[in-house]
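The values are calculated or read from the model by the stated rules, or taken from the named source; none is laboratory data. Given the structure is predicted, the values throughout are model-derived calculations rather than measurements. Positions of Cβ are generated from backbone atoms using ideal geometry, with glycine treated the same way; all protein chains shown enter the neighbour counts.
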Amino acid sequence: MLLNILLEREIYASEEHKMMQKMIQDFITNEIEDQVPQWEKDGMVSREIWERAGELGLLCMDMPEQYGGSGLDFSFNALLIEEFAKKGISGPGFSLHSDIIAPYILKHGSEAQKQKYLPIMATGKMITAIGMTEPNCGSDLRAIRTTAVDKGDHYLVNGQKTFITNGFMCDMAIVAVKTNSGSENEGVSLLIMESAAEGFEKGVPFKKIGMKAQDTCELFFDNVKVPKENLLGEEGNGFKIMMTELARERLSVAIGSIGGAEGAIVDTIDYTSTRTAFNQPIAGFQNTQFKLAECATQLQIHQTFVDRCIQLLAEDKLTAESASMAKYSATEMHSKVVDECLQLFGGYGYMWDYPIARMYVDNRVARIYAGTNEIMKLLIARGLFRELFREMKAMQKK
């Protein structure tokens with residue numbers, strides 16, 4: 001098996017990690033895999049699976065116990081992401097909930113916000129989303145048009161968000177809005193918006209080429225009243241907060257790519273070892289061996305770098321540039337590995353009943369969301385030439 005030739009991963013070497021891994025694997029086998037076909041038809045998972053994940057302690061694992069979490073470190077969240085990716089389970093949006101929304105509130109929320117939202121999020125009884133992207137605004141978050149007008153004790157929000165993961169099921173969303181629009185104090189702010197609010201509407205879940213069991217839709221805001229106490233952080237500081245927290249989101253995408261690539265390779269080894277052609281297993285052909293050797297090598301290299309990034313994140317030392325490198329490189333590797341593996345399945349690889357087919361279409365979006373890979377290269381380049389850009393900017397001012 002593949003795992004026998006890869007270096008042992010220290011980040012998952014503890015007994016606690018091994019116990020957690022077994023629990024996650026049993027959860028997937030016994031309670032998730034059989035439901036995937038129905039979830040794909042529905043365009044979303046069930047609320048019951050969210051609550052079950054909460055019962056097992058699989059949500060918000062690295063949140064402090066005082067806020068309903070398990071008080072573990074981020075490596076346990078990473079383990080969950082990988083185990084789901086290995087099996088091609090893309091429906092439950094647990095990672096966005098635990099690895100993006102929860103940290104926003106923990107790091108930037110008031111004590112009242114933490115007490116109100118984090119404990120119920122950990123139970124799975126409240127499903128969350130984040131609203132950044134708009135129909136005319138993707139990676140350029142400064143260009144958002146959704147506005148929040150100060151009305152004294154509340155904001156009045158109008159606008160639209162799109163491509164929102166967990167959007168249709170969400171009970172709460174952190175939404176990027178423009179405050180003080182048109183004035184010298186114009187800026188991006190973040191609001192905690194509950195979907196039960198009047199004027200908060202959800203679009204029909206999109207029909208996507210992949211990730212069919214994960215609900216993704218538009219959100220519409222028509223004069224939604226949001227209490228002032230739902231402002232996350234300081235007014236006008238939303239862009240800075242988003243830039244700070246995007247590193248974790250991008251690393252989470254990279255982690256999913258590591259798990260997905262490993263799952264694809266393991267499935268392909270199993271398939272080519274039993275499928276025969278010309279009176280021998282497909283794995284007996286040198287081309288098959290070389291292709292899988294190349295895939296396993298690329299996985300090992302990326303796995304080592306991503307593991308280091310996981311450690312850095314746990315130590316609060318992960319830079320935006322390193323996260324961008326991990327996201328860009330791991331997702332590119334994942335796409336190439338899955339493509340090579342699907343080829344070795346032949347015609348069966350194109351059949352939806354085979355997990356490799358789902359992996360093929362599901363992983364494609366990873367090079368787009370959390371910032372396109374083109375944006376990742378731009379961020380890496382800015383890090384390389386930071387001093388030059390500062391000098392050029394200073395010269396322009398003169």
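Condition test on F221, is it over 30 Å from N158 (Cβ atoms), among the aromatic types (F, W, Y) and modelled with pLDDT of 95 or more?
no
For the stretch 274-289, which positions are assigned to a strand (DSSP E or B) and not aliphatic (A, V, I, L, M)? Before you say what the answer is, go through the steps one by one.
Our first condition is that a residue be assigned to a strand (DSSP E or B); within the stretch 274-289, this holds for 276-277, 280-281.
Those that are assigned to a strand (DSSP E or B) and not aliphatic (A, V, I, L, M): T276, Q280, P281.
Using the structure shown, decide if E374 is among the acidic types (D, E), over 26 Å from the mean Cα position of the chain (by Cα) and either more than 21 Å from F163 (Cα to Cα) or exposed (fewer than 15 other Cβ atoms within 10 Å of the Cβ) (or both).
no
In this structure, is V188 closer than 11 Å to G131 by Cβ, outside the structural domain of W39 (by TED's automatic domain parsing) and more than 21 Å from the chain's Cα centre (by Cα)?
The answer is no for V188.
Residues to consider are G43, G68; find the one that is surrounded by 15 or more Cβ atoms within 10 Å (Cβ to Cβ), over 19 Å from T123 (Cβ atoms) and either at pLDDT below 95 or not assigned by TED's automatic domain parsing to the domain that holds W352 (or both).
Going through G43, G68 in turn, the sole match is G43.
Among the candidates D140, D171, single out the residue that is surrounded by fewer than 20 Cβ atoms within 10 Å (Cβ to Cβ), out of contact with any Asp or Glu (no Cβ under 6 Å at 6 or more places or on another chain) and either on the phi > 0 side of the Ramachandran plot or at pLDDT 95 or above (or both).
Of the residues listed, the single one that is surrounded by fewer than 20 Cβ atoms within 10 Å (Cβ to Cβ), out of contact with any Asp or Glu (no Cβ under 6 Å at 6 or more places or on another chain) and either on the phi > 0 side of the Ramachandran plot or at pLDDT 95 or above (or both) is D171.
Can you pull out every residue in the stretch 343-367 that is buried (at least 22 other Cβ atoms within 10 Å of the Cβ) and either among the small types (G, A, S) or outside the structural domain of K291 (by TED's automatic domain parsing) (or both)?
A366
Taking the stretch 220-273 only, how many residues are assigned to a helix (DSSP H, G or I), aliphatic (A, V, I, L, M) and out of contact with any His (no Cβ under 9 Å at 6 or more places or on another chain)?
10
Could you count how many residues in the stretch 110-124 are in a loop (DSSP other than H, G, I, E, B) and under 20 Å from the mean Cα position of the chain (by Cα)? Break it down stepwise before answering.
Of the residues in the stretch 110-124, the ones in a loop (DSSP other than H, G, I, E, B) are 110, 124.
From what's left, under 20 Å from the mean Cα position of the chain (by Cα): 124.
Counting residues in the stretch 110-124 that are in a loop (DSSP other than H, G, I, E, B) and under 20 Å from the mean Cα position of the chain (by Cα) gives 1.
Please state which one of L292, L318 is touching a residue at least 60 places away in the same chain (Cβ under 8 Å) and either farther than 19 Å from V253 by Cα or assigned to a loop (DSSP other than H, G, I, E, B) (or both).
Step by step, each of L292, L318 is checked, and only L318 is touching a residue at least 60 places away in the same chain (Cβ under 8 Å) and either farther than 19 Å from V253 by Cα or assigned to a loop (DSSP other than H, G, I, E, B) (or both).
Could you tell me whether the stretch 374-395 includes any residue that is closer than 30 Å to I209 by Cα and in contact (Cβ under 8 Å) with a residue 60 or more places away in the chain?
Checking the stretch 374-395: at least one residue is closer than 30 Å to I209 by Cα and in contact (Cβ under 8 Å) with a residue 60 or more places away in the chain.
Suppose the filter is surrounded by 18 or more Cβ atoms within 10 Å (Cβ to Cβ), more than 28 Å from Q25 (Cα to Cα), charged (D, E, K, R) and not assigned by TED's automatic domain parsing to the domain that holds D316; does E218 pass it?
yes
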